[in-house]
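Please read the structure below before turning to the comments.
Just so it is clear, none of the values below were taken in a lab; they were calculated from the coordinates. Here the structure is a predicted model, which means the values were calculated and not measured. Neighbour counts are summed over all protein chains in view; Cβ atoms, including those assigned to glycine, are modelled from backbone coordinates with ideal geometry.
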Amino acid sequence: MINASLDMINHAISYRKNLSADSSTNVYRIFNGYTEGFPDLILEVYGTSLLIFDHGKNSTLDSVFFEEVRKLCWQYFPFLTSVFLKRRNGESEKDKKGNLLFGKEIVQFVVENGVKYAVHFQTNQDSSFYTDTRNLRIWLKNHSNGKTVVNTFAYTGSLGVAALAGGASKVIQTDITPRFLDLARLSGQLNGIPSKRHAFIEGDFYRVVSRLKTGKALYDTVIIDPPFFSSTEAGTVDLSIDSSRLINKVRPIVKHEGTIILVNNSLFLKGATFYEQVESLCQNEYVSIKEIIPVPPDVTGYPETIKSALPIDPAPFNHSTKMIILDIKRKDQRTE
């Protein structure tokens, strides 16, 4: 089993071996087991650290296997110095948040498209930074100069930091969990962003948006990137049914000819169903679909490496992380 698994990993990595040549980016996925033949395993490079995700429910992967994976990865990426393992179904919270398997230090920040992002592998059960939204960060950096941005469900704030790196005049990062925003704050500092351009609001999405609406200010761009499901006293988010509701919640704070960015990462929601949910709001002149942002191929897998399809068809998107840009108009045509 080990040899067969290593052969699959080797095949997939061989198509990514040149990723390290891009000096502007040092974070990328090198194996997506979900589509490349080993559903329980994901491998990602974060600077000089190899991050291993073991998603198996009753995982039998052991230290011998992980050492063989390390040796293989070192052949392609000899600059790596540490290995960090996160087990989604680990017996303890520590196993879920991760353990250092090899080396002495793990990376503290990564660079993507010339922007620095603080990372902390043990902040949560994920990596604190998502490779699948890379193209959205690039889009934000290229389309935010001089604009005001609200990043709801900001988590560790990478989308907002990308907008700031692109010249946004002000970004408000909002999330219910303060320690996540601490990483967003640190990312801003790593890039020399003045604090007057980088604001933070801790709180529930519904209450924060209501507060911003009461304040009467309008914003050029509002980002909605919620977790699949969450519930607080103020309201519930369910990505299988709530896309239209979330869009309508933030529309009152968007300027005339502004933008809403919506991310839906529901694995079991058909792409066509999600698209129809959004399209149902586009029956008048006030909301229109501008473009779909694709997930990069190192994250999805390449045509030559993909062995199995996702459980639900994501088309017209290319991945279960579905990202869409909406153009917004206002009846009152307010821009301030």
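Take each peptide in 312-321, 278-287, count the other Cβ atoms within 10 Å of every residue, and average; sorted highest first, the result is 312-321, 278-287.
Remark: segment 54-96 carries a charge dipole of roughly 160 debye about the Cα centre, counting +1 on each Lys and Arg Cβ and -1 on each Asp and Glu Cβ.
In this model, which of LYS196/LYS329; LYS97/LYS290; LYS17/LYS255; LYS57/LYS141; LYS94/LYS270 are farther than 32 Å apart at the alpha-carbon?
With Cα atoms farther than 32 Å apart: LYS97/LYS290; LYS17/LYS255; LYS57/LYS141; LYS94/LYS270.
The ellipsoid that matches the Cα gyration tensor of segment 1-146 has semi-axes, each √(5λ) in whole angstrom, of 25, 18, 15, with the longest given first.
Based on the reciprocal of the average 1/r between different C-alpha atoms, the Kirkwood radius for segment 1-64 equals 12.6 Å.
Suppose every K and R has +1 on its Cβ and every D and E has -1 on its Cβ; what is the size of the dipole of segment 90-249 about the Cα centre, in Debye to the nearest 20?
Computed charge dipole of segment 90-249: roughly 740 debye.
The angle separating the long axis of helix 2-14 from the principal Cα axis of greatest extent in the chain is about 50 degrees. The C-alpha radius of gyration of the chain, expressed as a fraction of 2.2 N^0.38 Å, stands at 1.00. Rounded to the nearest 20, the size of the Cβ-charge dipole of the chain about its Cα centre is 1120 debye, with Lys and Arg at +1 and Asp and Glu at -1. Within the listed set ARG137, ARG211, ARG179, the Gaussian network model of the chain (springs between alpha-carbon atoms below 10 Å) gives the highest mean-square fluctuation for ARG211.
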